[in-house]
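Undergrad: One structure, as structure tokens, below. Some questions next.
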Amino acid sequence: MSKVLRTRPGYFHAAARQARISVQALKVGMRVVELDCPWTDTPFVFQGFRLENVQQIAEVAQYCREVVVEYDEDQWVPPTAHALPGTPARRLRPVVAHAPTVKAYESAARLQDDARALTRSIMDDVRLGRVINVKEIRSTVSAAVKNVIDSPDAVMWLSRIRHRDAYTSEHCVNVGLLAINFARHLGHGEEDLNTIGIAAMLHDVGKTLTPLEVLNKEGALTQEEFELMKAHTTEGRNILMAHRNLSHGPVDVAYGHHEALDGTGYPRKLKASGIPEMTRIVTLCDVYDAVTSDRCYRKGQPSLRGLDVLQRGRGSKYDERLVDEYVRCIGLYPTGSVVELVNGAHGIVLSTNYRNRHLPRVLLVRDEQHEPCAERVLDLQKLSGQSGMEGWLIRAVVPNGAHGIRVEEYVRRGVQIM
């Protein structure tokens, strides 16, 4: 029996061991980590799964006679007598973040350039049949994790640079950054953030094999074209499974990020118990970035629209708890949002106030008549307590491009925040 330390992203057991048992001995709560048949011949996730109901046990019995289960050495009793104890509830660690410095923005800018160049290189390698440079991915994701831990607002600000024609590669980078930031919000440690970041950056690698005329089509897809598009999940799984130095987590995410809790997703129509937490995290970030990004067939929507899409699928398509936490993580006015103030002026959110999220730091770029003005940074937290300053509070989020305000232009030229 081999010693195993990790059970699922973010959860650890100090003395976890494994045992091979008959499927007749399975109990709800046990964690299955190995099958007696290939994972690809089953609908189960490759990194293992916890049995959540008797229907799932019956499904395992359709494919296997024996499985390997993981258990806590200190709490183990024979499987016929006791089920594996459930995973303890996560205790969230408070996120501590300060307003970014110029140095933080410069570091984030270098990270963005490196990550985008690496993603384009990965896509080219896959198209040409070359292996993915996993070592370089780990290095880039590790740098991203450190940047997000040190200054999440600076990283999210730089993610606003988007080119419609490079959507797939930039989408992978953005989803990676969003997933790292979200997992940090959930309380995951640095090791988990690296694992989730790699999985998120590679989640759409299968699209490198999707025909460009389908990938970039501006009109509605035909049923045949949609089937070709859906194949990117299976293609992604196949590509990543060929890399032995990658864990199963990225494979599961690539294969399952379009699954839905109610079983209406693709390609396997998995239901809730078959979708691991890492995949659920990346799915939310994937949907949010897709809605808020410019695409070849439509303009990107405001952040609140992206959150609304997740809210409408909460509990049916998307994990209820994770959606609630994602809304808290992103907030009403995420970094890079274009906002209208009560007095009619407009600005761009530079950084979040983590104590009072409705009072961020805003770069003022249009006056009350919607005309360009001398740019200055407004700290709404400080202004809110001053008499007669109510007009400088935020009224609403408006679409990127309103009154000629394109966030990308401000990001590219750099913003002096001294």
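Undergrad: Report the accessible area of residue 146, computed with a 1.4 Å probe over the heavy atoms of all protein chains in place, in Å² rounded to the nearest 10.
TA: 100
Undergrad: Round to the nearest 10 and report in Å² the accessible area of residue 106, as given by a 1.4 Å probe over the protein chains' heavy atoms.
TA: Looks like 100 Å² after rounding.
Undergrad: Quickly rank 22-29, 110-117 as a protection proxy: mean count of other C-beta atoms within 10 Å, highest first.
TA: Ranking, from highest mean packing down: 110-117, 22-29.
Undergrad: Probe 1.4 Å, all protein chains in place: accessible area of residue 320 in Å², nearest 10?
TA: My reading of the accessible area for residue 320 is about 90 Å².
Undergrad: Still on this structure, please answer the following. Order these peptides, 242-249, 170-177, by their mean beta-carbon neighbour count within 10 angstrom, highest first.
TA: 170-177, 242-249
Undergrad: May I ask you to evaluate 6.51 cos²θ - 1.76 cosθ + 1.60, the Karplus curve with θ = phi - 60°, for each residue of the stretch 196-203 and list the ³J(HN,Hα) values in order in whole Hz, giving x for glycine and proline?
TA: Rounded to whole hertz, the list is 5, x, 4, 4, 5, 5, 9, 5.
Undergrad: Quick check on my link table: of 27/269; 27/317; 146/230; 103/317; 27/135; 207/271, which ones sit more than 32 Å apart, alpha carbon to alpha carbon?
TA: Checking Cα-Cα distances, 146/230; 103/317; 27/135 exceed 32 Å.
Undergrad: While we're here: Between residue 243 and residue 387, what FRET efficiency follows from the Cβ-Cβ distance if R0 is 56 Å, with the result rounded to 0.05?
TA: Calculated transfer efficiency: 0.35.
Undergrad: What net charge is computed for the residues neighbouring residue 217, neighbours being all others with C-beta under 11 Å from the C-beta of residue 217, Lys and Arg scored +1, Asp and Glu -1?
TA: -2
Undergrad: Taking the Cβ of residue 283 as the centre, find all other residues whose Cβ is under 10 Å away and add up their charges (Lys, Arg: +1; Asp, Glu: -1).
TA: The answer is -1.
The values are calculated or read from the model by the stated rules, or taken from the named source; none is laboratory data. This one's a predicted model, so the numbers in the text were calculated from it and none came from an experiment. Note: ideal-geometry Cβ built from the backbone for every residue, glycine included; neighbour counts use all protein chains shown. Calculation scope for accessible area: heavy atoms of the full protein, side chains included, ligands and nucleic acids excluded. Shrake-Rupley method; radii C 1.70, N 1.55, O 1.52, S 1.80 Å.
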